[in-house]
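Step one of this worksheet: look at the structure below.
The values are calculated or read from the model by the stated rules, or taken from the named source; none is laboratory data. Not measured: the values here are computed from a predicted model. Methodologically, a virtual Cβ is constructed for each residue, glycine included, from the backbone with ideal geometry; neighbour enumeration extends over all protein chains shown. For accessibility, only protein heavy atoms count, side chains too; no ligands or nucleic acids. Shrake-Rupley method; radii C 1.70, N 1.55, O 1.52, S 1.80 Å.
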Amino acid sequence: MLAIGSAIRRIHTTVDAPRLTRFALHPPKSVEVGFADGSIFNLSAEFLRVHSPAVDSKIRSIGGEKVISGRRHVGIMSAEPVGNYGVRIVFDDLHKTGIYSWDYFYELGSNKFTFMRNYIKTLKKHGLTRDPRRRK
């Protein structure tokens with residue numbers, strides 16, 4: 001189990017993140033994280049869901065690109081601590097396998113607008129949308 005945690009930290013530590021000082025869950029729509037450098041990020045459920053660190057996050061592969069669509073209205077049901085390095089977020093689409101490390105939250109928050117812009121461009125490129133499919 002310790003080896004898994006170490007591997008997850010290595011995978012998600014692309015930014016030398018400051019120490020986490022605040023984690024606030026605002027279900028169903030967002031998570032707020034604060035860091036020792038004064039950075040505070042409000043991350044929406046949709047943003048967190050489409051940037052899930054889980055391998056099996058209901059991804060659709062199109063031409064080698066991994067795309068998650070239709071998650072505009074996804075909600076956060078809960079967040080469960082994982083060791084002292086992150087949380088597992090449970091979404092209302094029943095996705096719950098991604099472990100978000102504190103470093104990964106910092107990376108997401110620091111790059112939020114770029115990541116979201118790239119996500120929307122990828123959806124448009126493949127004729128997909130942030131909105132869920134309508135049920136017939």
Subset of region 71-89 (residues that are of a type outside the set (D, E, K, R) and not in a loop (DSSP other than H, G, I, E, B)): I76, M77, S78, A79, P81, V82, G86, V87, I89
Conditions (1) in contact with a Pro (Cβ under 8 Å, 6 or more places away or on another chain); (2) in contact (Cβ under 8 Å) with a residue 40 or more places away in the chain: number failed by F41: (1)
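Being at pLDDT 95 or above and open to solvent by less than 40 Å² (accessible area, probe 1.4 Å) is true for just one of G38, G5, G34. Which residue is that? Working first, answer last.
On the way: G38 fails: open to solvent by less than 40 Å² (accessible area, probe 1.4 Å); G5 fails: at pLDDT 95 or above.
Checking each option against the conditions leaves just G34.
May I ask you to list the residues in region 102-124 that are out of contact with any Pro (no Cβ under 8 Å at 6 or more places or on another chain) and in contact (Cβ under 8 Å) with a residue 60 or more places away in the chain? Before you say what the answer is, go through the steps one by one.
Going residue by residue through region 102-124, those that are out of contact with any Pro (no Cβ under 8 Å at 6 or more places or on another chain) are 102-103, 105, 107-124.
Correct list: W102, D103, F105, E107, L108, G109, S110, K112, F115, M116, Y119.
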Residues satisfying the stated conditions in region 90-136, i.e. of a type in the set (A, V, I, L, M, F, W, C), in contact with a Lys or Arg (Cβ under 7 Å, 6 or more places away or on another chain) and outside any helix (DSSP H, G or I): V90, F91, I99
Region 71-87 residues that are closer than 12 Å to K29 by Cβ and modelled with pLDDT under 90, paired with ones that are not basic (K, R) and not in a loop (DSSP other than H, G, I, E, B) (beta carbon under 6 Å, 6 or more apart): R72/E46
